[in-house]
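Step one of this worksheet: look at the structure below.
The values are calculated or read from the model by the stated rules, or taken from the named source; none is laboratory data. Bear in mind that the values here come from a model prediction, so they are computed numbers and not experimental data. Positions of Cβ are generated from backbone atoms using ideal geometry, with glycine treated the same way; all protein chains shown enter the neighbour counts.
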Amino acid sequence: MLWINFFELKGIKPDIDLYRYSLAFSNDKLSKPRKKRLIELFLSMPPFSAANIATDWNKKLVSLAKLELDKECNAVWYLKGGDPFPPPIHNDEAGLANARPGNTYQITVEGVGTVCASRSQTS
């Protein structure tokens with residue numbers, strides 16, 4: 001059993017390498033619920049949507065596979081169960097055009113190394 005920053009990873013082979021990533025947000029004063037929702041939205045985008053990823057819902061991701069990733073991406077926040085913002089168009093209505101930038105966050109992803117579950121060492 002391996003614990004990573006207060007969350008347990010179960011059901012993994014002990015000799016597997018885990019790839020660690022850190023997240024940084026353009027706004028560092030996000031509420032916990034908003035940050036969690038942004039991470040949910042972020043994980044629904046490629047390459048994360050196709051990977052098995054564990055998270056602490058704050059700043060850390062752990063993956064069973066090394067991910068090919070862009071260092072930065074944008075996520076547009078919207079309520080869970082709500083409708084996502086449509087893509088911008090030339091003649092957006094004023095309310096929508098004004099709301100989109102306030103709900104768009106830049107997320108920076110960086111690889112921070114690997115850890116082997118059986119050795120509990122980091123590299």
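Condition check: in contact with a helix residue (DSSP H, G or I) (Cβ under 9 Å, 6 or more places away or on another chain), assigned to a loop (DSSP other than H, G, I, E, B) and modelled with pLDDT under 90. Does Leu30 satisfy that? For Leu30, the condition - in contact with a helix residue (DSSP H, G or I) (Cβ under 9 Å, 6 or more places away or on another chain), assigned to a loop (DSSP other than H, G, I, E, B) and modelled with pLDDT under 90 - is not met.
Among the residues here, Phe42 qualifies as surrounded by 14 or more Cβ atoms within 10 Å (Cβ to Cβ), within 30 Å of Gly11 (Cα to Cα), of a type in the set (Phe, Trp, Tyr) and touching a strand residue (DSSP E or B) at 6+ places or on another chain (Cβ under 8 Å).
For the stretch 25-35, how many residues meet the condition of being within 11 Å of Asn58 (Cβ to Cβ) and loosely packed, with under 15 Cβ neighbours inside 10 Å? Reasoning before the result, please.
Going residue by residue through the stretch 25-35, those that are within 11 Å of Asn58 (Cβ to Cβ) are 25, 30, 32, 35.
After this cut, where a residue has to be loosely packed, with under 15 Cβ neighbours inside 10 Å as well, the list is 32.
So the count comes out to 1.
In this structure, is Leu43 under 12 Å from the mean Cα position of the chain (by Cα) and under 26 Å from Asp17 (Cα atoms)? Judged against the criteria, Leu43 is a match.
Of the residues making up the stretch 9-21, just one is surrounded by fewer than 13 Cβ atoms within 10 Å (Cβ to Cβ) and either within 17 Å of Cys73 (Cβ to Cβ) or of a type in the set (Gly, Ala, Ser) (or both), namely Gly11.
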